[in-house]
1. Does ALA60 qualify as being modelled with pLDDT of 95 or more, within 16 Å of the ligand (Cβ to nearest atom) and either under 17 Å from the mean Cα position of the chain (by Cα) or not basic (Lys, Arg) (or both)?
2. Considering only residues that are closer than 20 Å to LEU94 by Cβ and within 16 Å of the ligand (Cβ to nearest atom), look in region 166-187 and name the one that is surrounded by the fewest Cβ atoms within 10 Å (Cβ to Cβ).
3. Take the residues in region 132-165 that are of a type in the set (Gly, Ala, Ser) and in contact with a Ser or Thr (Cβ under 9 Å, 6 or more places away or on another chain), then tell me which one is farthest from the ligand (Cβ to nearest atom).
4. Take the residues in region 1-55 that are in a helix (DSSP H, G or I) and basic (Lys, Arg); name whichever of them is modelled with the lowest pLDDT.
5. Only residues in region 145-157 that are in contact (Cβ under 8 Å) with a residue 60 or more places away in the chain count as the first member; pair them with residues that are in a loop (DSSP other than H, G, I, E, B), Cβ under 9 angstrom, at least 6 apart or cross-chain, and list the lot.
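The values are calculated or read from the model by the stated rules, or taken from the named source; none is laboratory data. Keep in mind the model is a prediction, meaning the values are calculated, not measured. In this analysis, Cβ positions are derived from the backbone assuming ideal geometry, glycine residues included, and neighbour counts consider all displayed protein chains.
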Amino acid sequence: MKFKVIFMLLISGLFFSCKSAYLDSKKSPVILDISKETDENAFVNLKNYSNDFGFDMKYATEDNFLKEQVYPCGECFLRVKTIKSLLNANAAFLKKGYRLKLFDCYRPKEIQKKMWQIVPNPTYVANPKKGSIHNRGGAVDLTLVDSTGQELEMGTTFDFFGREASHDYQNLPEKVLQNRQFLKEIMLENNFKSFDSEWWHYNLNDSEKDKISNQRWKCD
Ligand SMILES: [Zn+2]
């Protein structure tokens with residue numbers, strides 16, 4: 001009898017670990033209310049909680065510094081608490097006639113290793129031994145678009161690995177500095193912090209304490 005119980009526990013353990021190895025990227029037929037999600041640390045898909053974001057998930061294309069498609073499809077998974085803050089930030093931008101457009105969200109640890117092999121420079125890519133906040137579901141890479149979907153001028157492209165991408169680089173047109181400041185101000189007001197060397201990268205406060213994940217997602 002005892003063995004039977006242990007066996008059953010082993011089987012159910014296997015079942016749950018297999019189940020959690022993949023994130024579910026099916027779109028909900030209705031927009032869900034994030035405030036109803038009680039597990040702040042669960043990984044969920046942003047598209048199920050809002051239609052108000054723009055997406056250009058660069059690692060699901062070859063248009064990135066790896067020159068390779070490393071995600072099977074462009075999904076934006078984040079922890080529930082990150083999405084709550086991101087929805088608040090986007091609501092503040094929408095009031096002013098703009099919206100956030102995402103380039104990258106949660107990133108499985110295996111992809112981080114691949115990035116580090118190509119750019120082993122901690123100013124731009126986190127060492128996979130330490131892990132990035134992207135691997136913890138607390139980081140977003142994004143920009144702002146206007147009501148026509150046009151990206152605001154930010155001075156460099158996303159993933160530009162050079163000084164011009166940093167927040168303290170001032171030798172840029174006034175409009176670019178204002179746009180970066182506009183993005184930064186509202187992100188900081190909504191529980192995010194900026195990252196010095198990349199104008200597009202924001203971390204949810206305190207998310208460095210969260211666990212690294214290597215869960216992948218399946219495409220529809
Ligand atoms: Zn980033």
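1. On the way: modelled with pLDDT of 95 or more: yes; within 16 Å of the ligand (Cβ to nearest atom): yes; either under 17 Å from the mean Cα position of the chain (by Cα) or not basic (Lys, Arg) (or both): yes.
For ALA60, the condition - modelled with pLDDT of 95 or more, within 16 Å of the ligand (Cβ to nearest atom) and either under 17 Å from the mean Cα position of the chain (by Cα) or not basic (Lys, Arg) (or both) - is met.
2. Step one: list which residues in region 166-187 are closer than 20 Å to LEU94 by Cβ, which gives 178-187.
Cutting the leftovers down to within 16 Å of the ligand (Cβ to nearest atom) gives us 180, 183-184, 187.
Values: ARG180: 23, LEU183: 23, LYS184: 16, MET187: 23.
Among those that are closer than 20 Å to LEU94 by Cβ and within 16 Å of the ligand (Cβ to nearest atom), it is LYS184.
3. Narrowing region 132-165 to residues of a type in the set (Gly, Ala, Ser): 132, 137-139, 147, 149, 155, 162, 165.
From what's left, in contact with a Ser or Thr (Cβ under 9 Å, 6 or more places away or on another chain): 137-139, 162, 165.
Working: GLY137: 12, GLY138: 11, ALA139: 5, GLY162: 15, ALA165: 11 Å.
By that ranking, first place goes to GLY162.
4. If we filter region 1-55 for residues that are in a helix (DSSP H, G or I), which is where we start, we get 2-19, 34-36, 46-48.
In the following step, the residues that additionally are basic (Lys, Arg) were identified as 2, 4, 19, 36, 47.
On the way: LYS2: 57, LYS4: 61, LYS19: 44, LYS36: 97, LYS47: 96.
Of everything passing the filter in region 1-55, LYS19 is modelled with the lowest pLDDT.
5. VAL145/TYR98; VAL145/LEU152
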